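K.L.:
After the structure tokens below, expect a handful of questions from me.
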Amino acid sequence: ASDVYKRQVAEGIWLGSRPEVRAMMDLSDGLASEIMHICKDSQVGCTIYEEKIPIDYQTYKMAEELNLNATVCALSGGEDYELLFTAPLDLYDKLTALESVSVIGHTCKASAGYTLITRDGNSFELKAQGWVNFNKPETKD
């Protein structure tokens with residue numbers, strides 16, 4: 001295994017052992033889908049900020065070559081081998097001091113829904129467009 005994956009396993013074990021980490025999962029099905037799973041299971045809403053989502057330069061370049069929006073790719077793509085987790089606001093300074101952690105938003109009341117704030121300040125409802133596992137087959141009445 002590469003050093004990146006070994007580091008991420010170690011980080012996952014460390015995060016999983018922290019009592020202040022409230023929820024955590026990998027981004028195998030895309031950021032939007034996974035954050036919505038966490039929020040639904042935790043009965044909260046969320047606001048995430050486009051400019052805070054870490055997107056690798058190579059991803060921007062490839063998206064540009066394919067005439068795709070890099071943020072949409074980050075929200076909808078999967079198999080990123082990254083972890084998404086929630087923690088209390090009082091840990092903000094401690095978490096932002098960690099090189100491998102990116103704070104991309106916050107949770108809020110469930111009634112606020114799931115929101116993406118774009119770089120230009122517009123607000124959009126976050127939609128899950130990533131991989132959906134174990135869908136119930138559609139039934140015809």
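The values are calculated or read from the model by the stated rules, or taken from the named source; none is laboratory data. The model shown is predicted, which means the values in this text are computed figures rather than measured ones. Glycine also receives a Cβ, built like all others from the backbone with ideal geometry; neighbour counts cover every protein chain displayed. Accessible surface areas use protein heavy atoms only, side chains included; no ligands, DNA or RNA. Shrake-Rupley method; radii C 1.70, N 1.55, O 1.52, S 1.80 Å.
K.L.:
Which whole-Hz ³J(HN,Hα) couplings does the stretch 22-33 yield from phi under the Karplus relation 6.51 cos²θ - 1.76 cosθ + 1.60, θ = phi - 60°, glycine and proline marked x?
P.N.:
Taking θ as phi minus 60°, the curve returns 7, 8, 7, 7, 7, 9, 5, 10, x, 4, 4, 4 Hz for the stretch 22-33.
K.L.:
Related question: What is the spin-label model distance, in nm, from residue 43 to residue 55 if the labels are put 7 Å beyond Cα along the C-beta direction?
P.N.:
Placing both labels 7 Å beyond Cα along the Cβ direction yields 3.5 nm.
K.L.:
Relative contact order of the stretch 1-126, please, whole-number percent, based on alpha carbon pairs below 8 angstrom and at least 6 residues apart.
P.N.:
38
K.L.:
Related question: Once all Cα-Cα distances of the stretch 1-132 are split into 5 Å bins that start at 0, what whole-number percent is in each one?
P.N.:
Histogramming the stretch 1-132 at 5 Å steps yields 2, 9, 18, 24, 23, 15, 7, 2, 0 percent.
K.L.:
Please calculate how many Å² of accessible area the stretch 32-77 carries per residue, with a 1.4 Å probe and no DNA, RNA or ligand atoms counted.
P.N.:
Here the residues of the stretch 32-77 average 60 Å² of exposed surface.
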